[in-house]
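Worksheet: one structure, shown below.
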């Protein structure tokens, strides 16, 4: 057997169905489209899911749920996970190295779940109230640098044209009197 002698099995390959090629083909004239109507015209019939003006099924059903695109940005870390780590100073890189947090995570937040009985120092990791009290009770510290506040826009002072005009009018009245 050679590559040039390979053939598909008989009947496996069929020619493409060519419509509109004369009456002898059996698919001439209307070419299987029937007579007139929207589906017979070129360029025209409605897309899949169109129900003749009736509200389509995918629009009748209620919307459910929401998939947040930023769901995985902040990873949750349990206090019990911190107990098992050998490092004393814990930051996002240490959590990623230990495999507790996903490599895609942009930040981490410690939640109260499990026991923490050793002293840990957290750097740039968010903490819930309950987890904060547990960490501080164990003698640990939490260090977060505050974000710089955005500069506030200065309010524009409106010109006080009316009071000056009134003062000028009062001065003129005083001169007349």
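Table for the structure above
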quantity: Number of the exception - residue 100 against (1) in a loop (DSSP other than H, G, I, E, B); (2) more than 28 Å from the chain's Cα centre (by Cα); calculated: (2)
quantity: Of all residues making up the range 122-137, the number that are surrounded by 11 or more Cβ atoms within 10 Å (Cβ to Cβ) and out of contact with any helix residue (DSSP H, G or I) (no Cβ under 9 Å at 6 or more places or on another chain); calculated: 5
quantity: Residue 105 over 17 Å from residue 132 (Cβ atoms) and within 18 Å of the chain's Cα centre (by Cα); calculated: yes
quantity: Close pairs from the range 51-63: first without any contact (Cβ under 8 Å) to a residue 40 or more places away in the chain, partner assigned to a loop (DSSP other than H, G, I, E, B) and surrounded by 10 or more Cβ atoms within 10 Å (Cβ to Cβ), Cβ under 7 Å, at least 6 apart; calculated: 56/50
quantity: Filtered residue count, the range 87-105, keeping only those that are touching a strand residue (DSSP E or B) at 6+ places or on another chain (Cβ under 7 Å) and surrounded by fewer than 15 Cβ atoms within 10 Å (Cβ to Cβ); calculated: 3
quantity: Matching residues in the range 38-92 - criterion: being in a strand (DSSP E or B) and modelled with pLDDT of 90 or more; calculated: 54, 74, 75, 76, 77, 78, 89, 90
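The values are calculated or read from the model by the stated rules, or taken from the named source; none is laboratory data. What you see is a predicted model, and the numbers here were worked out from it, not measured in a lab. When we count neighbours, we look across all protein chains shown, and the Cβ atoms used for this are built from the backbone with ideal geometry, even at glycine.
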